[in-house]
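FYI, it's all coordinate maths here, none of it is from the lab. Everything numeric here is computed off the predicted structure, so don't read it as measured data. Please note: Cβ atoms are built from the backbone with ideal geometry, for glycine as well, and neighbour counts cover all protein chains shown.
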């Protein structure tokens, strides 16, 4: 549904797999174009979430980027060599202990 005819030229990884983005793509746009719809899970129920609003209002596109959790992937442009990973929420009891 979001696939492009060519893969782009900027290499980055998502969950350890290599992807390619176009110049100016946000991480979220590049992932959607590659068919990756889920960037995180919710703390309660571990429901899958992914890019929704594409303008930074909903926080559904959060992921870990270069070791930093909670990054809004719709707002950050892809850079060569960037490491992106799904953000898996901690179980609710672990959140209460923090």
Inset, instruction - With a point put 7 Å past each Cα toward its Cβ, work out how far residue 22 is from residue 38 in nm, to one decimal. - result: 2.7
Inset, instruction - Any chance you could list the semi-axes, whole Å, largest first, of the equivalent ellipsoid that the Cα gyration tensor gives for the chain, using √(5λ)? - result: 25, 13, 11
Inset, instruction - Using per-residue counts of other Cβ atoms within 10 Å, averaged over each peptide, order 71-84, 15-28, 46-59 from highest down. - result: 71-84, 15-28, 46-59
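For residue 15 and residue 54 in the same chain, what is the full-extension length gain: residue separation times 0.36 nm, less their Cα-Cα distance, in nm?
Extra length from residue 15 to residue 54 when fully extended: 12.0 nm.
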Inset, instruction - Multiply the residue separation of residue 80 and residue 46 by 0.36 nm, subtract the distance between their alpha-carbon atoms, and state the gained length in nm to one decimal. - result: 9.2 nm
Inset, instruction - Would you kindly state how much longer the chain becomes between residue 69 and residue 88 on full extension, computed as 0.36 nm times their sequence separation minus their alpha carbon distance, in nm to one decimal? - result: 5.9 nm
